[in-house]
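Trainee: Handing you a structure now.
Read-outs: derived from the displayed coordinates by stated rules, not from any lab. Not measured: the values here are computed from a predicted model. Because the Cβ atoms are built from the backbone with ideal geometry, glycine has one as well, and the counts that use them run over all protein chains shown.
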Amino acid sequence: MRILFLDLDTLRPDHLGCYGYHRNTSPNIDSIAGEGVVFDNYYTPNAPCLPSRAALVSGKFGIISGTINHGGEAADMDKQGSDRSFRSEIGTESLFCMLREAGFRTVSISPFAERHSAFWFSAGLNEMYNTGKGGMESAEEVTPVVMDWLQRNAKDDNWFLHINYWDPHGPYRAPDDFGNPFKDEPLPEWLTEDVLKAQENKTGPHSMLDIHMYDADPWPDYPDYPGSISGMDGARIMMDGYDTGIRYMDGHIGGIINLLKESGVWEDTAVIVTSDHGENMGELGIWGEHATADTITPKIPMIIKWPGKMKGTRDAGLHYNLDLGPTLAELLGRNAMPSWQGRSYAGAVESGEDSGRSELILEQCAHVCQRSVRFDEWLYIRTYHDGYHLFPKEMLFNVKEDPHELKDLAKDKPDVCREAVWRLQNWHDEMMALRSDSKDPLWSVMHEGGPFHARGFMKKYLDRLRETGRVSGIEELVRRHPKEMK
């Protein structure tokens, strides 16, 4: 048994052909999808990068592990305390620990642990290859490490290989000689002149005039990731840059597939294709960033090709990335780890069984502080810290009719909002009952001054708004964030 785990950073599913995208971004990923199960409603409970992979490998919600931010106290896992044994819980019960106990040689090719000082990510790994640029690697710098390992080990049995590509992550940086395969192809239909017009005066990092978070200063080395967007031509630069990154990465994945086929092991190799989070590309007025708890940032692809199991099928159930550990354990005939909070969906892989959840609770505390409820056709977002975006306290979207979140229905559907709050509160009560203390990590972030990427920038950003003529939101920003004015 061999397992190839393709961890493709910042990859939103609806920009892949197998999820219905009109551009040919992913022929090799699509070919994997044709041999396995595609999960249509798969989310990380905690976005973005660091909290998402913490949920994946620990099997815990961020409110339990403590890891929900990119800095401050909540960027680390909570200390285990007096019940910590010779090895910590993450050191014995991580996803990789389970796989190693199942007899796999566990290997990771990724800079992630060093990028975020998340050294717990290495728990359970036999081999770790740090590609060395902290997420700024392009595929041509990762693939040689992958190919070298596979050329030496592909025919061996019982290996698990985690490969981390970063090309869809900003700043978009496919090599110049790769060109732009989408320069003559239409943009997504939802992105219109009227949509852009409505965003022109929006405040907040990664808005149309502040792509580089709090300014529009040019980055000469990254022309596909401009400092600001002006009209449809500017939107095209961003969209083409992102899609080109996906297509470039996909070509390297094709090389891996070919090597495994040439080695005679492709048919017997399980393949998992997923991501840590998506990327807002105009949704909620945010461009080129993974900054919210909506259905764009937390929603991720999940494709599982498993030898002898379902092939060419789709699953519509609601799932978390922390459900992967119990799923793999069941597929391998193992028990889930005691500390895991996930729920196996192995039945979807084995027989097409519906094993989805009735609701998902989603969270973002690195760019904003938000918790959301995804149920039925609804996404309810509750904002605690707006990250300078001036989001209302409550937002509600019908994501089946409005997947790009253009019409906020909160004022029109108070009954749905009340149901969502009830679901959120029930989940919160259940989670807090599991903690050994009364501390909610979200409120630790709030009391530190807010999410890491929106902390200490207020005065600078107000100057930016004045410089660009967007003065209408200044008074409300000052009212909402008085501590940052001191």
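Trainee: Label points 7 Å out from Cα along the Cβ direction at ASP402 and ASP429: separation in nm?
Mentor: 3.0 nm
Trainee: Would you kindly state how much longer the chain becomes between ASP177 and VAL421 on full extension, computed as 0.36 nm times their sequence separation minus their alpha carbon distance, in nm to one decimal?
Mentor: Net length gain for the segment: 82.8 nm.
Trainee: Could you compute the FRET efficiency for ARG334 and MET128, with r as their C-beta to C-beta distance and R0 at 25 Å, rounded to 0.05?
Mentor: The formula returns an efficiency of 0.65 here.
Trainee: Right, another one. Please report the Cα spread of region 77-132 along all three principal axes, rounded to whole Å, starting with the longest.
Mentor: Answer, in whole Å and largest first: 36, 28, 14 Å.
Trainee: Here is the link list: LYS60/LYS483; LYS393/LYS483; LYS79/LYS486. Which ones come out longer than 29 Å on Cα distance?
Mentor: With Cα atoms farther than 29 Å apart: LYS60/LYS483; LYS79/LYS486.
Trainee: Straight distance only, please: which aspartates and glutamates reach the Cα of LYS413 with their own Cα at less than 12 Å, same-chain residues fewer than 8 apart left out?
Mentor: GLU394
Trainee: What are the extents of the Cα atoms of the chain along their three principal axes, in Å, largest first?
Mentor: Ordered largest first, the chain gives principal extents of 63, 56, 40 Å.
Trainee: If the reach is capped at under 17 angstrom between alpha carbons, list the aspartates and glutamates near LYS311, excluding any in the same chain fewer than eight residues apart.
Mentor: The qualifying aspartates and glutamates are ASP30, GLU35, ASP40, GLU267, ASP268, GLU350, GLU353, ASP354.
Trainee: Could you tell me how many cubic angstrom of Cα convex hull volume region 350-404 has per residue?
Mentor: 111 Å³
Trainee: Between GLU193 and ASP221, what FRET efficiency comes out of the Förster formula 1/(1 + (r/R0)^6) with R0 = 35 Å and r the beta carbon distance, rounded to 0.05?
Mentor: E(calc), rounded to 0.05, equals 0.70.
Trainee: For region 257-270, what does the Karplus curve 6.51 cos²θ - 1.76 cosθ + 1.60, with θ = phi - 60°, yield as ³J(HN,Hα) per residue in whole Hz, taken in order and with x for Gly and Pro?
Mentor: Karplus-based 3J(HN,Hα) across region 257-270 equals 4, 4, 5, 5, 5, 5, 7, x, 10, 4, 4, 9, 9, 6 Hz.
Trainee: How large is log10 of I(q)/I(0) for region 110-227 at q = 0.12, 0.16, 0.20 Å⁻¹ when the intensity is taken from the Debye formula with one equal scatterer per alpha-carbon?
Mentor: -0.68, -0.98, -1.19
Trainee: Calculate the dipole size of region 365-485 relative to its Cα centre from +1 charges on Lys and Arg beta carbons and -1 charges on Asp and Glu beta carbons; express the result in debye to the nearest 20.
Mentor: With Lys and Arg at +1 and Asp and Glu at -1, about 480 debye.
Trainee: Tell me the mean residue ellipticity at 222 nm calculated for the chain from its helices only (DSSP H runs of n ≥ 4, each -39500 (n - 2.57), averaged over every residue, nearest 500).
Mentor: When only DSSP H runs of four or more count, the value is -9000 deg cm²/dmol.
Trainee: Straight distance only, please: which aspartates and glutamates reach the Cα of LYS183 with their own Cα at less than 16 Å, same-chain residues fewer than 8 apart left out?
Mentor: Hits, sequence-local ones excluded: ASP224, ASP233, ASP240, ASP243.
Trainee: Could you line up HIS169, HIS447, HIS481, HIS428 from fewest to most neighbouring Cβ atoms inside 10 Å?
Mentor: Exposure proxy ranking, most exposed first: HIS447, HIS428, HIS481, HIS169.
Trainee: With contacts defined as alpha carbon pairs under 8 Å and 6 or more residues apart, what's the relative contact order of region 2-361 in percent?
Mentor: Numbers: 763 pairs, mean separation 107.0, N = 360.
Contact order relative to length: 30 percent.
Trainee: Residue-wise, which Karplus ³J(HN,Hα) couplings in Hz belong to region 403-410, taking 6.51 cos²θ - 1.76 cosθ + 1.60, θ = phi - 60°, and x for glycine or proline?
Mentor: Karplus-based 3J(HN,Hα) across region 403-410 equals x, 9, 6, 8, 10, 7, 9, 4 Hz.
Trainee: How far, in nm, would the chain grow between ASP156 and ASP184 when pulled straight, counting 0.36 nm per residue and subtracting the alpha carbon separation?
Mentor: 5.6 nm
Trainee: Just need the Rg to Rh number for region 365-485, please, alpha carbons only, Kirkwood Rh. Kindly include the intermediate steps, with their values, before the conclusion.
Mentor: Numbers: Rg = 16.4 Å, Rh = 16.1 Å.
Radius of gyration relative to Kirkwood radius: 1.02.
Trainee: Further question on the same structure: Give me the extension gain from MET147 to TYR384: residue separation times 0.36 nm, minus the current Cα-Cα distance, reported in nm with one decimal.
Mentor: Between MET147 and TYR384, full extension yields an extra 80.8 nm.
Trainee: Among GLU189, GLU283, which comes first, second and so on when ranked by fewest other beta-carbon atoms within 10 Å?
Mentor: If I rank by nearby Cβ atoms, fewest first, I get GLU189, GLU283.
Trainee: In units of 2.2 N^0.38 Å, what is the alpha-carbon radius of gyration of region 398-447?
Mentor: Against the compact-globule rule of thumb, the ratio is 1.55.
Trainee: Are there any chymotrypsin sites (Phe, Trp or Tyr not before Pro) in region 382-463 that are in a DSSP loop and have at most 14 other Cβ atoms within 10 Å? List them by number.
Mentor: Passing sites in region 382-463 do not exist.
Trainee: Same structure again: Once the Cβ-Cβ distance between MET136 and ASP83 is put in as r, and R0 is 35 Å, what FRET efficiency do you end up with, to the nearest 0.05?
Mentor: Working: r = 39 Å, r/R0 = 1.12.
With R0 = 35 Å, the Cβ-Cβ based efficiency is 0.35.
Trainee: Also, quick follow-up: Could you list PHE119, PHE86, PHE160 in order of exposure, starting from the residue whose Cβ has the fewest other Cβ atoms within 10 Å?
Mentor: Ranking PHE119, PHE86, PHE160 by Cβ neighbours within 10 Å, fewest first, gives PHE86, PHE119, PHE160.
Trainee: OK, next. What's the percent breakdown of Cα-Cα distances in region 178-306 across 5 Å bins, shortest bin first?
Mentor: 2, 10, 16, 19, 18, 13, 9, 7, 5, 3, 1, 0
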